[in-house]
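No lab work stands behind these numbers, since they all come straight from the coordinates. All figures in this text were calculated on a predicted structure; none of them were measured in a lab. Every residue, glycine as well, gets a Cβ built from its backbone with ideal geometry; the counts of neighbours run over all protein chains shown.
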Amino acid sequence: MSRIGRQLINIENDIKLVYQNNQLEVNGPKGRLTLSIHPQVILTITTSEVKVSLVKKAETTALQGLYRTLIQNAVKGVKDGWTKTLELVGVGYRAQTTGRELTLSLGFSHPVIIKEAEGISFTVAENKITVIGCDKYMVGEIAAKIRKLKPPEPYKGKGIRYQGEHIRKKIGKAAKAVGGSGGAK
């Protein structure tokens with residue numbers, strides 16, 4: 001049995017939950033999220049907490065922990081929001097926001113333009129891009145798409161990386177020794 005799934009989810013006063021037809025709608029100050037709930041999962045909602053339980057225990061125990069975590073992430077997202085910060089490392093790599101677009105100069109022959117998805121916003125400060133939203137999945141997905149445009153290369157570490165990400169560097173090409181064998185004869 002899932003230990004995480006047995007824990008109760010605390011609900012604050014400013015968050016409203018509506019559950020009907022296997023759809024859970026979570027409303028809060030930062031936005032609104034809708035989750036589809038598996039038919040084997042039973043939700044018991046009170047004014048201050050949510051309990052996740054199952055119809056059949058044996059076959060679906062993994063669903064209890066999964067849905068408890070998904071609901072917890074939705075509640076935290078509509079209350080506080082989720083953020084993911086990316087760093088631009090390299091000479092000439094720049095980012096700026098114009099309206100609802102993020103424009104990146106990454107050394108290509110053209111600027112890369114990324115439009116904000118619904119519920120997602122970007123902030124740029126110096127060489128850092130912050131992706132902000134109430135849906136944890138969408139924030140991570142868009143941050144991964146931005147990182148994929150110019151992933152950090154292993155020799156100098158230039159590119160786009162997550163804040164705090166450690167890039168394992170490789171050793172560069174070794175210089176040939178003067179007068180060693182294998183040279184021109």
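See the values below:
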{"item": "Of all residues making up the range 33-82, the number that are surrounded by 15 or more Cβ atoms within 10 Å (Cβ to Cβ), under 22 Å from SER121 (Cβ atoms) and not aliphatic (A, V, I, L, M)", "result": "6"}
{"item": "Strands (runs of 3 or more DSSP E) enclosed by the range 1-116 - at least 2 residues per element that are touching a helix residue (DSSP H, G or I) at 6+ places or on another chain (Cβ under 7 Å)", "result": "23-28, 31-36, 49-54, 82-89, 112-115"}
